[in-house]
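Trainee: Sharing a structure below in structure tokens format, with a few things to ask.
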Amino acid sequence: MPDLLLEIFCEDLPPNSQIEGEKKLQSVFETFLKIQNISFANIKILTTSRRFFIFISNLPEKKKKVLKSIRGPMVNSKETAVLGFLKSNNILKKNLMIKNVNDKEYYFYEKEVPEQSVFDIFQSSIPILLKEVKWRKSMRWSSLSEKWARPIKSIFCIFNRKVVIFSFAGINSNNVIYGNYVLNNNHVKCKTFLDYNIFLKKNNVILEQENREKIIKSKLKIICKKYDLYFEPDDKLISENSRLVENPNIMYGRFDKEFFTMPENFIISIVSGQQKYFSFKDNKGNLSNLFAFVTNHKIDKTNQIKKGHERLLRARFNDALFFIKEDSKIKLVDRIKMLEEIIYFEKLGNLRQKSNRISKISKYVGKLMNFTFTKEQDLISSFCLCDLTTEMVNEFPNLQGYVGNFYANKEGFSKKSSLALIEQYRPGFNEKVPTLIFSICLAVAEKIDKIISTFLSNKKPSGSKDPYGIRRASLGLIRILIDNKIDIELNDLIYKSLSFFKFEKKKIT
């Protein structure tokens with residue numbers, strides 16, 4: 001039976017656009033085939049950094065003749081409505097039949113839809129289907145009205161070995177496919193899925209994302225074995241890198257050890273979070289200055305690629321050192337006032353007010369646990385959100401809490417107490433709950449405040465969405481109490497915490 005092969009060859013596609021496109025193209029084509037009542041065995045959507053590939057297998061050549069029921073007006077409708085229905089369908093009243101729908105009688109007309117060529121259906125419908133894909137972020141180019149995730153360079157489309165001819169976004173479809181644009185500019189005319197696959201493999205394009213991931217993992221293991229290092233598994237980072245290239249190769253470089261003056265998690269955040277490189281540790285658990293990156297290139301004889309990535313990473317590290325230097329000019333306690341400039345939720349004030357609430361709630365939690373804050377802990381609780389005003393958190397949002405902890409240590413606060421600035425956000429995914437009593441107080445307060453604030457602002461989670469992480473906060477709160485065997489009446493805690501909010505009740509819905 002015939003297959004449909006459609007490839008949209010574009011400029012470089014970000015990983016998020018690839019994932020989005022896979023889902024939306026799958027939905028658009030599945031829905032279309034069901035509405036058209038065209039049978040098929042499977043729809044496969046594959047993506048690389050340069051192409052979307054849609055393969056629909058075992059399609060019929062012809063869409064069989066069918067009878068289509070067209071519902072008209074109700075039987076007791078005005079005569080003009082019935083006459084209008086007859087005229088629009090070019091039929092006589094004797095051609096109508098009456099059917100009962102939800103205890104109401106309607107006129108129906110059985111229209112015969114003749115046999116159609118599936119090739120012709122695709123030829124007329126594919127441009128319409130591509131227009132139906134609505135991107136979160138899209139582009140237009142030239143004077144064209146059509147949009148896509150990135151400008152389209154070529155469209156390949158065949159059905160039963162024949163070119164499906166149509167135009168979309170100024171590009172006429174054809175039967176030409178291209179290899180890996182970094183390594184060569186080879187192209188060839190293709191008639192079957194087998195030919196398509198063979199050409200891509202010969203021309204350095206690995207279509208299946210899972211196979212690209214396997215190659216990356218395998219090459220990372222080779223580096224680890226060669227230098228007696230280990231790589232902490234990061235499926236998200238591997239997946240993202242596999243979508244940056246069409247034929248992954250792993251190269252590596254080194255950064256200056258002088259940058260180890262920064263905390264380890266700062267370095268990892270820059271290496272893996274910002275640059276999407278891979279970091280390694282030695283057999284003692286210490287961070288190595290060796291890093292690896294994914295590239296389309298197979299060789300780097302002059303080390304220009306490696307040197308380029310080393311220069312880029314050095315610049316990012318120097319940026320971070322500059323941010324730390326500038327941030328250190330303002331003490332955390334002096335940043336409390338700066339929180340007033342950051343709005344939290346409409347009607348619930350700014351981050352200074354939130355910080356004050358967390359501090360008060362945390363002390364109340366301590367009181368319930370027969371624990372009294374020291375002067376140092378009292379001060380730390382008051383600037384629990386102050387690192388949100390720093391350049392480091394502005395540049396690296398995932399370091400929230402860690403930055404506050406680092407600066408608190410630099411200012412001479414004890415490591416034990418300042419650890420709470422990190423642990424107030426725990427437990428995250430696969431994280432242990434805080435066990436130090438001051439950290440527990442701050443973590444419970446942070447989650448209670450988040451839960452109350454979100455519901456007061458009418459941002460509560462729905463059945464499918466939880467944009468502010470209330471479920472995660474609630475489960476984290478429960479885990480903290482259960483794992484630490486803490487017996488607190490949550491209703492009382494919530495009502496007490498609510499009293500720390502300042503708002504006009506009549507405006508809250």
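The values are calculated or read from the model by the stated rules, or taken from the named source; none is laboratory data. Not measured: the values here are computed from a predicted model. Glycine gets a Cβ as well: all are built from the backbone with ideal geometry, and neighbour counts include every protein chain shown. Only protein heavy atoms, including side chains, enter the accessible area calculation; ligands, DNA and RNA are left aside. Shrake-Rupley method; radii C 1.70, N 1.55, O 1.52, S 1.80 Å.
Trainee: For the structure I just gave you, tell me whether Ser453 is touching a residue at least 12 places away in the same chain (Cβ under 8 Å) and either in contact with a Gly (Cβ under 9 Å, 6 or more places away or on another chain) or under 13 Å from Lys354 (Cβ atoms) (or both).
Mentor: Details: touching a residue at least 12 places away in the same chain (Cβ under 8 Å): yes; either in contact with a Gly (Cβ under 9 Å, 6 or more places away or on another chain) or under 13 Å from Lys354 (Cβ atoms) (or both): yes.
Here the answer is yes, as Ser453 does meet what is asked.
Trainee: Might you check whether a residue that is more than 30 Å from Tyr181 (Cβ to Cβ) and either surrounded by 14 or more Cβ atoms within 10 Å (Cβ to Cβ) or modelled with pLDDT under 95 (or both) occurs anywhere in region 300-307?
Mentor: No; the residues of region 300-307 include none that is more than 30 Å from Tyr181 (Cβ to Cβ) and either surrounded by 14 or more Cβ atoms within 10 Å (Cβ to Cβ) or modelled with pLDDT under 95 (or both).
Trainee: Taking the criterion of being among the charged types (D, E, K, R) and either open to solvent by 20 Å² or more (accessible area, probe 1.4 Å) or closer than 17 Å to Ser457 by Cβ (or both), would at least one residue in region 380-390 satisfy it?
Mentor: Going residue by residue through region 380-390, those that are among the charged types (D, E, K, R) are 387.
When the remaining residues are screened for being either open to solvent by 20 Å² or more (accessible area, probe 1.4 Å) or closer than 17 Å to Ser457 by Cβ (or both), the result is none.
No.
Trainee: Contact list please: Cβ distance under 7 Å, first residue in region 211-236 and more than 17 Å from Asn286 (Cβ to Cβ), second residue in a loop (DSSP other than H, G, I, E, B) and not acidic (Asp, Glu), pairs at least six apart or on different chains.
Mentor: Sorted first by the residue in region 211-236, then by its partner, the pairs are Arg212/Ile206; Arg212/Pro248; Ile215/Pro248; Ile216/Pro248; Leu220/Phe231.
Trainee: Looking only at region 282-299, which residues are open to solvent by less than 60 Å² (accessible area, probe 1.4 Å) and not charged (D, E, K, R)?
Mentor: So the first thing to find is which residues in region 282-299 are open to solvent by less than 60 Å² (accessible area, probe 1.4 Å), and the list is 282, 285, 287-296.
Correct list: Gly285, Leu287, Ser288, Asn289, Leu290, Phe291, Ala292, Phe293, Val294, Thr295, Asn296.
Trainee: Here is a further query. Looking at Lys307, Lys298, which is the one that is within 22 Å of Leu244 (Cα to Cα) and part of a helix (DSSP H, G or I)?
Mentor: None of the others qualify; the one that does is Lys307.
Trainee: Right, something else. Scan region 94-124 residue by residue and report those that are closer than 30 Å to Val164 by Cβ and loosely packed, with under 14 Cβ neighbours inside 10 Å.
Mentor: If the condition is that a residue be closer than 30 Å to Val164 by Cβ and loosely packed, with under 14 Cβ neighbours inside 10 Å, then Lys111, Glu112, Val113, Pro114, Glu115, Ser117, Asp120, Ser124 are the ones that fit.
Trainee: State all residues of region 440-481 that are among the small types (Gly, Ala, Ser) and part of a loop (DSSP other than H, G, I, E, B); if no residue qualifies, say none.
Mentor: Those that are among the small types (Gly, Ala, Ser) and part of a loop (DSSP other than H, G, I, E, B): Ser457, Ser462, Gly463, Ser464, Gly469.
Trainee: Of the numbered conditions (1) exposed (fewer than 13 other Cβ atoms within 10 Å of the Cβ); (2) not in a strand (DSSP E or B), Ile38 fails exactly one; give the number of that condition.
Mentor: (1)
Trainee: Tell me, which residue of region 448-491 that is among the polar types (S, T, N, Q) and open to solvent by 80 Å² or more (accessible area, probe 1.4 Å) is modelled with the highest pLDDT?
Mentor: Selected residue: Asn491.
Trainee: Exactly one condition in (1) out of contact with any Ser or Thr (no Cβ under 7 Å at 6 or more places or on another chain); (2) within 23 Å of Tyr402 (Cα to Cα) is false for Asp483; which is it?
Mentor: Single failed check for Asp483: (2).
Trainee: Hey, another quick one. Whether any residue in region 352-359 is open to solvent by 60 Å² or more (accessible area, probe 1.4 Å) and within 30 Å of the chain's Cα centre (by Cα) is what I want to check.
Mentor: For region 352-359, residues open to solvent by 60 Å² or more (accessible area, probe 1.4 Å) and within 30 Å of the chain's Cα centre (by Cα): absent.
Trainee: Considering only residues that are hydrophobic (A, V, I, L, M, F, W, C), at pLDDT 90 or above and under 24 Å from Ser462 (Cα atoms), which ones fall in region 492-509?
Mentor: Ile494, Leu498
Table: residues versus (1) among the hydrophobic types (A, V, I, L, M, F, W, C); (2) modelled with pLDDT under 90; (3) under 22 Å from Ser242 (Cβ atoms); (4) surrounded by 12 or more Cβ atoms within 10 Å (Cβ to Cβ).
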site	(1), (2), (3), (4)
Ile19	yes, no, yes, yes
Phe32	yes, no, no, yes
Ile54	yes, no, yes, yes
Leu92	yes, yes, no, no
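Trainee: Taking region 132-162, which residues are among the charged types (D, E, K, R), surrounded by 14 or more Cβ atoms within 10 Å (Cβ to Cβ) and assigned to a strand (DSSP E or B)?
Mentor: Lys153
Trainee: Another question, if that's okay. Checking Asp300 against (1) under 29 Å from the mean Cα position of the chain (by Cα); (2) on the phi < 0 side of the Ramachandran plot, only one condition comes out false. Which one?
Mentor: (1)
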